[in-house]
Amino acid sequence: KYYDGFAMDDHRRLRNTLGNTKGYFLLSYNDAPEIRRMYADFNIQEIERSNNLAHKKGSGTAKYKELIITNY
C-alpha cells in the first residue's frame, strides 16, 4: 500500500472534493488497488515512469506504475 502520508479519510475527502469539481482535474498517484477502486468512476490511465530517486542513488533506472486520473 502506498498512501504518501494520507489516511483513508484524507483520500475519501480528496476524492469527494474532486468529484464535485466543476472544472477539469488531473491527479497523478502511485498505482494501488485501493486508489483504482476509489477512482473507478473517473478516467484512469496507467503509465510507467522512472524512479528518479533510485537513479540518483546509483541503483539504476527502476520503473514503477503510476496512475493518471482525470474527469475528462
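Which of the peptides 17-25, 5-13, 34-42 is most tightly packed, and how do the rest follow, going by the mean number of other Cβ atoms within 10 Å of each residue?
Working: 17-25: 9.6, 5-13: 11.1, 34-42: 14.0.
Packing order, densest peptide first, comes out as 34-42, 5-13, 17-25.
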One finds, for D9 and Y72 with R0 = 30 angstrom and r their Cβ-Cβ distance, a FRET efficiency to the nearest 0.05 of 0.70
Förster radius 30 Å - calculated FRET efficiency between N20 and E48, Cβ distance, rounded to 0.05: 0.45
What number comes out for the charge environment of N16, summing +1 per Lys or Arg and -1 per Asp or Glu over other residues with Cβ under 12 Å away? 0
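A short reminder: the numbers here are calculations on the coordinates, not readings from a lab. A quick note: this is a predicted structure, and the numbers were derived from the prediction, not measured. With ideal geometry, Cβ positions are generated from the backbone for all residues, glycine too; neighbour counts draw on all protein chains shown.
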